[in-house]
Amino acid sequence: MQELVDQFERRTTTDVVFDQLYDEIVSLKLLPGTKLSEVEVARRFGVSRQPVRDAFNRLGNLDMLLIRPQKATEVRGFSMERIAHARFVRLAVELEVVREACAVWDSDRAKIMEQNLRQQQQAIDTGSTERFHKLDYEFHKKICELGGRPLAFQTIRELKQKVDSLCILSFGNAREPSVLIEDHHDLALALKDRSADKAAAIIRRHLSRLDDTIADIHRNHSEYFE
């Protein structure tokens, strides 16, 4: 409880409720179709209903909640159309980011990426999928920052999070993180070589790996889709 109090002192109550529910939806602690009550959530956080309503609206704008008048609010299911659009835009952004990064890459930048890759491998070796997930984000973020396009990651992050839950579900396949880190190693090497064409090809391959993942989840968990 004290931790929540400290958070409220630093941020608005809406921020705290939004961030917590956001994390729970992305991590699948709240599954698609789960019904949420303003009253119950407000009681859980010890706040009034207004900040909860505001947090719900923010999540609704991100297509994470389905808010219908006079009906229960629920965690929104995945949409194949929204996922396809998010991946299309992300590919376009990342291709340009790595092209520009290759023009400025140097040994100092390469060392920073190597450290991140070592941490990714440690997370895989210890079975810490949550930590691998965070380091995966950090890997792509560092490319944007070190490549001179730090704000681009905000766009990538928003798009990436639209399929995060699917990626988490895919970790039931023990090979998946190992395949992803192989792509990360290849991309880091392409950046080190300052080969824009090679980096672009790896980005395309890396993002295309989600094709089978999404198809598999859609087949086995159709109840999570609209």
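The numbers here are math on the coordinates, done by the rules we state, and not lab data. Note that the structure is a prediction, hence the values are computed from the model and not measured. Virtual Cβ from ideal backbone geometry, glycine too; neighbours counted across all protein chains shown.
When Arg68, Arg49 are sorted by how many other C-beta atoms sit within 10 angstrom of their C-beta, beginning with the fewest, the order is Arg68, Arg49. If the reach is capped at under 19 angstrom between alpha carbons, list the lysines near Lys71, excluding any in the same chain fewer than eight residues apart. Once the sequence-local lysines are set aside, what remains near Lys71 is Lys35.
Computed from label points 7 Å out along Cα-Cβ, the spacing between Asp106 and Ser195 is 2.3 nm. Pairs of Cα atoms nearer than 8 Å and 6+ residues apart set the relative contact order; for segment 2-75 it is 35 percent. Could you state, as a whole-number percent, how many of the C-alpha pairs of segment 1-156 are farther apart than 20 Å? Roughly 64 percent, once rounded to a whole number. Dividing the summed -39500 (n - 2.57) terms of all DSSP H runs of n ≥ 4 by the residue count of the chain sets its mean residue ellipticity at 222 nm at -23500 deg cm²/dmol. Once Lys and Arg get +1 and Asp and Glu get -1 on their Cβ, which of His185, Tyr22, Ser208 lies farthest toward the positive end of the dipole of the chain? Final value for the positive-end residue is Tyr22. Using C-alpha pairs below 8 Å separated by at least 6 residues, the relative contact order for the chain is 24 percent. With neighbours defined as other Cβ atoms within 10 Å of a residue's Cβ, the residues His218, His184, His133 order from fewest to most as His218, His133, His184. Helix screen, the chain: DSSP H segments with Cα axial length of 24 Å or more and mean Kyte-Doolittle hydropathy at least -0.5 are 80-104, 175-192. Here Lys111 is the anchor, and the lysines within straight C-alpha reach of less than 24 Å, apart from those fewer than 8 places off in the same chain, are Lys134, Lys141, Lys142, Lys192, Lys198.
Taking the centroid of alpha carbons for each part, segment 103-144 and segment 14-88 are 30 Å apart.
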